[in-house]
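The values are calculated or read from the model by the stated rules, or taken from the named source; none is laboratory data. What you are looking at is a predicted structure, and each value in this text was computed from that prediction instead of being measured. These accessible areas exclude ligands, DNA and RNA; they are computed on the full protein's heavy atoms, side chains included. Shrake-Rupley method; radii C 1.70, N 1.55, O 1.52, S 1.80 Å.
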Amino acid sequence: MVYFVGAGTGAADLITVRGMRLLERADVIIYAGSLVNPELLAYAKPSCQAHDSARLTLEEIIGLMRDAERDGKMTVRLHTGEPSLYGAVREQMDELDRLGIAYESCPGVSACFGAAASLNLEYTLPGVSQTLILTRMEGRTKVPERESIESLAAHRASMAVYLSAGMLPKLQERLLAGGYPPDTPAALVYKATWPEERVCLCTLDALACTGRKNGIRKTAVVLVGDAVAHRHYERSRLYAADFSTGFRTAEKEGERK
């Protein structure tokens, strides 16, 4: 059996309880060494074999899974963050389907949520934004034209941009061209929740300059939108005294203190 496990945002204690228990049971762990916190390997039993996938091809990764399955061993494929986001998991699953090897997925905490925790941020503030867009700039992996940065920026919703810290000047240009005003709040969060985390707050028109001054060129998520500044929002109606729910009856005007 193969388990695809999300390692979380970086801190070793931000893996899910289920993910931790799968690591404890694993006979083989294949982990993304360039991105996954190596402290997570401390959960593994002494007899577990660990392989860093940073130096492996897809065929070599599948070969390790196939060999483990042949020997009756349980494999954990440990991906950074949440495997369903930029995890290249589907191609591995398709190969396992071809080989008749069973697998399951265990979710993890993605970088944008680790960054939000570091900033005590709420992406979906009433009256500001009720949408969070997760996207990336085009690199070696193409992005469909209909999902261009400009077209997504036109919504002026909260946005988290992955895998783009090395292209900040171009990203800034395209976000502005799409419709975000120059003074839109932004944040550059390097290695969210890791001990070496760095958070840089700025406005969109200073994004590239901020990255350059702080030497941030990779392993960072870019947050853009008015919610980053958490100003000028409306309070949630859920907890309003004049709003009824299935658990609370709205107070009348004269009943309020």
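Things worth noting here:
- Adding -39500 (n - 2.57) for every DSSP H run of four residues or longer, then dividing by how many residues the chain holds, sets the calculated 222 nm ellipticity at -7000 deg cm²/dmol.
- Surface composition of the range 70-110: carbon and sulfur atoms hold 49% of the protein heavy-atom accessible area at a 1.4 Å probe.
- Per the Debye formula on identical point scatterers at the alpha carbon atoms of the range 168-246, with no solvent, log10 I(q)/I(0) at q = 0.16, 0.24 Å⁻¹ is -0.64, -1.08.
- Solvent-accessible area per residue for the chain (1.4 angstrom probe, square angstrom): 55
- Length available on full extension from S118 to L41: 0.36 nm per residue minus the Cα-Cα distance, which gives 25.3 nm.
- Derived value for the range 102-220: Kirkwood hydrodynamic radius 15.1 Å. Basis is the mean of 1/r over every pair of different alpha-carbon atoms.
- Measure of compaction for the range 1-157 (Cα Rg per 2.2 N^0.38 Å): 1.17
- Relative to the longest principal axis of the Cα atoms of the chain, the long axis of helix 168-178 makes an angle of roughly 50 degrees.
- Helix 90-99 and the longest principal axis of the C-alpha atoms of the chain enclose an angle of approximately 30°.
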